[in-house]
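Visitor: This is the structure I have questions about; it appears just below.
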Amino acid sequence: MSQTGHKVLVLGSQGVLGTVLARTFADEGWEVLRAGRRPEPGVHLVDLDRPETLRDSLEGVDLVANPVPDERLVAEEVVLERGPALVNMSAVPAARGWALKRETASGTGLVLIHAGLVPGVTSLLAADLLRRHPEADELELAFTLSASGTSGKGGAGLIHRYLTAARHHGTFRAELGPPLGPRTCLEIGPEERGWLSDDLLSGRAVRLGVYFRERALQGLFLTLNALRMIAGTPRLTFVAGRGRVPPEASREPIADWVAVRRGGERLAARVVHGRGDYRMTAASTVVFGEGLLKLRGAESRRTGVFAPEELFTLEQLRPALERRGFEIIDR
């Protein structure tokens, strides 16, 4: 019996992020069912090419955690149909997540898309800043890349795709504070619009950026960008050595930036500090999972597809985030 009384099914648990998720939920007192495509002791066979394998694994499960970057959103469709609740922190393309929300007509499940750290926690910060500054006409978001951080091939490949999508990227400055200091961020993924809803953005411009924690790498990629050579970066540069499951998730300092501007002038900014991107992503997934189950208990008829900022506020979840090592600082 779990300490919390809750049971979570972790998809993709043979991968890097899935492994970190399973360990984090277990450390938090959940009963964890690991799921994956490869036969392995202690792992439930769930192959999203065969949706029935997921349906057969949902008995007694309270929550599904999905880090699998499956643009078909098979797991989400199964849970919407059958229940219970699901958190997706795989950073699937924003358009695909919003399409699922529009297409969902009925069902018994509750699905949280675009959740995790980025997007997810940063979405709550963005919504809070826009509520406080409705006059803002631009939103900035930036997140940390680290060569030494725990990462899977899927996440590394996604960053490679973003950075090599153009010969040159725009930049903006993020004042992150110690220990990372001011950083120049490379703009990426304009089509994602921060994974935020059109209702929240209301036509505002969005600048999504990344920076490298390691200053040597930061300098290298800024130089490649200035020379308009960044699109030629080999994919192997990002994915080499990724995909091996480490004994423990890394704890490198990270800092994610959210700011609002009007007419080019910064109105307000916040930084989320933590230790280790995958560690913090897993911790935020637990917080969102707890929130979903609490919501289901209070509103049993609540079903459908939602983004974090549509169900929760920063004020509601901030205490739980801070207990797990998140530090949210006004800049």
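The values are calculated or read from the model by the stated rules, or taken from the named source; none is laboratory data. Quick caveat: nothing in here was measured; it's all calculated off a predicted structure. Here the Cβ is made from the backbone with ideal geometry for all residues, glycine too, and neighbour counts use every protein chain on show. For accessibility, only protein heavy atoms count, side chains too; no ligands or nucleic acids. Shrake-Rupley method; radii C 1.70, N 1.55, O 1.52, S 1.80 Å.
Visitor: State whether the residues of the stretch 170-190 include one that is over 27 Å from Trp98 (Cβ atoms), acidic (Asp, Glu) and open to solvent by 60 Å² or more (accessible area, probe 1.4 Å).
Guide: yes
Visitor: Pick from the stretch 210-223 the residues that are in contact (Cβ under 8 Å) with a residue 60 or more places away in the chain and among the aliphatic types (A, V, I, L, M): which of them is farthest from Phe143 (Cα to Cα)? Break it down into steps so the answer makes sense when it comes.
Guide: To start, the set of residues in the stretch 210-223 that are in contact (Cβ under 8 Å) with a residue 60 or more places away in the chain comprises 210-214, 217.
Checking which are among the aliphatic types (A, V, I, L, M) leaves us with 210, 217.
On the way: Val210: 5, Leu217: 15 Å.
Top of the filtered list is Leu217.
Visitor: Only one of (1) open to solvent by less than 10 Å² (accessible area, probe 1.4 Å); (2) more than 27 Å from Arg301 (Cα to Cα) is not met by Thr24, so which one is it?
Guide: (1)
Visitor: Quick test for you: out of Thr150, Thr144, pick the one residue that is within 20 Å of Val121 (Cα to Cα), among the β-branched types (Val, Ile, Thr) and in a strand (DSSP E or B). Full working, then the answer.
Guide: On the way: Thr150 fails: in a strand (DSSP E or B).
Sole residue among the options that is within 20 Å of Val121 (Cα to Cα), among the β-branched types (Val, Ile, Thr) and in a strand (DSSP E or B): Thr144.
Visitor: So Leu110 passes all but one of these: (1) touching a Cys at 6+ places or on another chain (Cβ under 8 Å); (2) open to solvent by less than 10 Å² (accessible area, probe 1.4 Å). Which condition number does it fail?
Guide: That leaves (1) as the condition not met.
Visitor: Given the condition touching a Phe, Trp or Tyr at 6+ places or on another chain (Cβ under 6 Å), at pLDDT 95 or above, part of a strand (DSSP E or B) and within 22 Å of Ala255 (Cα to Cα), answer yes or no: does some residue in the stretch 158-180 qualify?
Guide: The answer is yes; a qualifying residue exists.
Visitor: Let me ask another. Kindly indicate the residue of the stretch 282-331 that is small (Gly, Ala, Ser) and in contact with a Gly (Cβ under 7 Å, 6 or more places away or on another chain) and also most open to solvent (accessible area, probe 1.4 Å) among those meeting that condition.
Guide: So, considering only residues that are small (Gly, Ala, Ser) and in contact with a Gly (Cβ under 7 Å, 6 or more places away or on another chain), the one most open to solvent (accessible area, probe 1.4 Å) is Gly325.
Visitor: Next up: Note down all Cβ pairs under 9 Å where the first residue falls in the stretch 159-179 and is in contact (Cβ under 8 Å) with a residue 24 or more places away in the chain, the second is small (Gly, Ala, Ser) and in a loop (DSSP other than H, G, I, E, B), and they're at least six residues apart or on different chains.
Guide: From the stretch 159-179, the pairs are Ile159/Ser151; Tyr162/Gly189; Ala165/Gly189; Glu175/Gly181.
Visitor: On to the next question. Quick one: what pairs do we get from the stretch 291-315, first residue more than 14 Å from Gly83 (Cβ to Cβ), second among the polar types (S, T, N, Q), C-beta under 7 Å, 6+ apart or different chains?
Guide: Ala307/Ser123; Ala307/Ser197; Pro308/Ser123; Glu309/Ser123; Glu310/Ser197
Visitor: Name the residue that is most open to solvent (accessible area, probe 1.4 Å), counting only residues in the stretch 224-244 that are in contact (Cβ under 8 Å) with a residue 40 or more places away in the chain, part of a loop (DSSP other than H, G, I, E, B) and farther than 30 Å from Ile328 by Cβ.
Guide: This residue is Arg244.
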